[in-house]
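Input: a single structure, listed below in structure tokens.
Every number in this text was worked out from the coordinates using simple rules, so none of it is lab data. What you see is a predicted model; the values in this text were computed from it and never measured. Cβ: placed from backbone, ideal geometry, glycine included. Neighbour counts: every protein chain shown.
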Amino acid sequence: MANNLIEKHGGYRRLHSFTFATMIHLETISFCKRFIPWQEDQLGKTAGQMIGAARSGRQNIIEGSERSATSSETEIKLTDVARASLAELLGDYEMFLAEKCSIPWSRKSEESIKFAALRLPEYHNNDDTMHQYWKYYHRIKPIFDPWLENKDPVVVANTMLILIQRTMAMLASQIRTQSATFLEKGGFREKMYQSRSEVREEKMPVDKDAPACPECGKPMRKRHSERGDFWGCSQYPKCKGTVNI
């Protein structure tokens, strides 16, 4: 039988990068409401662009995960878009601090080290995915609240810088993994070609004098190559057993 063309996809809620991107999106909305007065942003451009970039970071992780079923290339591109959107947001928080005449925390500072040391517990999925995920999110969120819910906008902005950089690093790692998987297994078109080849193989009659494959025991078929004829396994490319004629 041909391989299943549609690979497993989705599952983005298990990614720590997705949970951090969700946190970034929600906290950016909160940050804009708390610390960017409408009097200073009457057209809503600053807040709108920041929230839009945060949303893009999260939503492109979702779309990339879902599209992975039929396009590894699209999955890689959308993961990269998510990372680029967060890079844009990073620049907005950096400029907010610059306007406050504040320098971003050093990675070696006590606050940076404390916040960077926080870890997410694993998310375990069940058949009530959406409900279960948001129970999980609201359970872990208080771990980060001493920084994210701080009354000082400089503390919150610095915290967001750390959170965004951490998420971007995770997405960069995902892109490397996705690229390696693509190089190893190929894309959807290659799988379609392989599946069609397998179907044709299954429909071809087997020679009554064909030997059994030494690798898997299945019947073999006569093949042709530049070096001459040989017996090849009928389950090729799953099995690459051969016998000389």
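Observations on the model:
- Lysine-lysine proximity count for the stretch 1-117, Cα under 21 Å, sequence distance 8 or more or distinct chains: 4
- Alpha-carbon geometry of the chain: the Rg and the Dmax are 26.2, 87 Å, given in that order.
- Rounded FRET efficiency, nearest 0.05, which uses the C-beta distance separating K45 from K77 and R0 of 25 Å: 0.35
- For the stretch 229-245, putting each phi into the Karplus relation 6.51 cos²θ - 1.76 cosθ + 1.60 with θ = phi - 60° gives couplings of 7, 7, 8, x, 4, 5, 9, 4, x, 4, 10, 10, x, 9, 9, 5, 8 Hz, in residue order, rounded to whole numbers and with x for Gly and Pro.
- Simple point charges give the picture: +1 on the Cβ of Lys and Arg, -1 on the Cβ of Asp and Glu, and for the chain a dipole about the Cα centre of about 560 debye.
- FRET efficiency, 1/(1 + (r/R0)^6) with R0 35 Å, evaluated for K240 and K135 via beta carbons: 0.15
- Its residue count N fixes a reference of 2.2 N^0.38 Å for the stretch 46-179, and the Cα radius of gyration divided by that reference is 1.15.
- Relative contact order, percent, the stretch 12-189 [alpha-carbon distance under 8 Å, six or more residues apart]: 31 percent
- The GNM of the chain, with springs linking C-alpha atoms under 10 angstrom apart, assigns the highest mean-square fluctuation among S179, S109, S68 to S109.
- Subtracting the Cα-Cα distance of R227 and H124 from 0.36 nm times their residue separation leaves 31.6 nm of extension gain.
- For the chain, built as a Gaussian network whose Cα springs stay under 10 Å, the top-fluctuating residue of A87, A117, A180: A117
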